[in-house]
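**Student:** Have a look at this one.
Please treat every number below as a calculation from the coordinates, not as lab data. Because the structure is predicted, anything quoted here is derived from the model rather than measured. Methodologically, a virtual Cβ is constructed for each residue, glycine included, from the backbone with ideal geometry; neighbour enumeration extends over all protein chains shown.
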Amino acid sequence: MRAVYYETHGDAEVLQIGELDKPACGDEQVLVEVAAAGVNPIDRRLRAGELQEYIQRTFPVTPGFDLSGRIVEVGDAVTGWQVGDEIMGLAFTWSIQHGTYAEFAPVDAGAIAPKPVNASFEQAAGIPLVSLTAWQSLLEFGQLGPGKTVLIQAGAGGVGSVAIPMAKHLGATVYTTASAANTDYVRSLGADVVIDYQKDSYERAILEAEPDGVDMVLEALLGDGTDEAAIRITKSGGAVAYMNNEPPDMPDIGARGIRAEFIHHRADGAMLSELGALYEQGLLPLPQTETLPLSAAVEAHRRSESRRTRGKLVLSIATL
Ligand SMILES: NC(=O)c1ccc[n+]([C@@H]2O[C@H](COP(=O)([O-])OP(=O)(O)OC[C@H]3O[C@@H](n4cnc5c(N)ncnc54)[C@H](OP(=O)(O)O)[C@@H]3O)[C@@H](O)[C@H]2O)c1
């Protein structure tokens, strides 16, 4: 099968495209003919050699966790799925080899959901990882609901652009950070207040508007004092979901009863099905995608590294 892979860690140029053996389908997996694969920052971070203490690699590694496509094989222990079903899924594993930038990919049956009927395969491939991350952060961890306030950092990114409509759907008031070029985009997603972080200090803007702080921060940034600022702008008893790191060591966290955690997405087919239904019913807008062919995987990783992409970056692999 045609696949993108790397045989050594390095910059985007280590990505090659060529023929690899079709992966086997485990007993609790389905094998998917992949129509499209979502591109996420973790794909390029793993390629660069980060996170080796958590995630094992077997070379050659095909990157990618997000996928949409059609089931071509069903594992012996799998019930409820048939060959031919159109699905989306999160093929995340703590040991990587057979990722989704390929014509075929195995994925645990418990990590897939029906493709929303109103979504193209490209749109569906952009849903799983960021939607599960945002929902698990905002609802499960943050307990966001009507009347609450939230700051969603990097509102124009993959996570931010799905988190904004989710937070609105849950009834919250949404503050977000974006550059001037993305102000209209994040407003169209439902953001109530957009802070141009290149012009204004978001910390000052939040504390002027909400002197006691917001109920929750979804902290998608890392470094430059953002970890500590997230605590300072959170209300006593509020919550901070860190996307990239453990919380900072600040006495204020315990003293003010703030719940602060590194939230790592969890593959959860049942939750993905519930989210798929919200997308299908139009209660959440389908992700805006920028699509490149599989052969442009190097370019996709470079664009992801630029931190300037809007919405979801997706690789188109086959027309099914
Ligand atoms: N823990 C988890 O399970 C999990 C899951 C997914 C992602 N993540 C992490 O969460 C972060 C966001 O992921 P993503 O997929 O949303 O990334 P992404 O799509 O690559 O984010 C790109 C966006 O970031 C915005 N941005 C860049 N610098 C910014 C700044 N200083 N302030 C505000 N916005 C800024 C850009 O908008 P402008 O051009 O408008 O600045 C751009 O639209 C990444 O670090 C990723 O590794 C963690």
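**Student:** Taking the Cβ of Arg302 as the centre, find all other residues whose Cβ is under 10 Å away and add up their charges (Lys, Arg: +1; Asp, Glu: -1).
**Tutor:** Charge balance near Arg302 sits at -2.
**Student:** Let me ask another. For the chain, find the longest principal axis of its Cα atoms and tell me its angle to the long axis of helix 297-306, 0 to 90°, nearest 10.
**Tutor:** Taking the Cα atoms of the chain, the angle to 297-306 is about 10 degrees.
**Student:** First select every other residue whose beta carbon is under 10 angstrom from the beta carbon of Glu28; then total the charges, Lys and Arg +1, Asp and Glu -1.
**Tutor:** Working: positive: none; negative: Asp27, Asp76, Asp108.
The answer is -3.
**Student:** Now, a different point. Counting Lys +1, Arg +1, Asp -1, Glu -1, what net charge surrounds Tyr242 among other residues with beta carbon under 10 Å of its beta carbon?
**Tutor:** Net charge around Tyr242: -4.
**Student:** Under unit Cβ charges (Lys, Arg +1; Asp, Glu -1), what dipole magnitude, rounded to 20 debye, does region 128-233 have relative to its Cα centre?
**Tutor:** Rounded to the nearest 20 debye, it is 320 debye.
**Student:** Using a cut-off of 23 Å between alpha-carbon atoms, which lysines can reach Lys312, once sequence neighbours fewer than 8 places away in the same chain are excluded?
**Tutor:** Straight-line reach from Lys312, under 23 Å: Lys115, Lys168.
**Student:** Connecting C-alpha atoms closer than 10 Å in a GNM of the chain, tell me which of Gly99, Gly171, Gly126 has the biggest fluctuation.
**Tutor:** Result for the chain, Cα springs under 10 Å: Gly171 fluctuates most.
**Student:** Pop the C-beta distance of Arg57 and Trp81 into the FRET formula with R0 = 25 Å and round what comes out to the nearest 0.05.
**Tutor:** Step by step, r from the Cβ atoms, then E = 0.35.
**Student:** Report, ordered by chain and residue number, the aspartates and glutamates lying within cross-link reach of Lys235, taken as a straight Cα distance under 18 Å and ignoring same-chain residues fewer than 8 apart.
**Tutor:** Straight-line reach from Lys235, under 18 Å: Glu203, Glu208, Glu210, Asp212, Asp215, Glu219, Asp227, Asp249, Asp252, Glu261.
**Student:** Any idea which of Phe59, Val78, Ser137 is furthest toward the positive side of the dipole for the chain, if Lys and Arg beta-carbons carry +1 and Asp and Glu beta-carbons -1?
**Tutor:** Going by the Cα projections, it comes out as Ser137.
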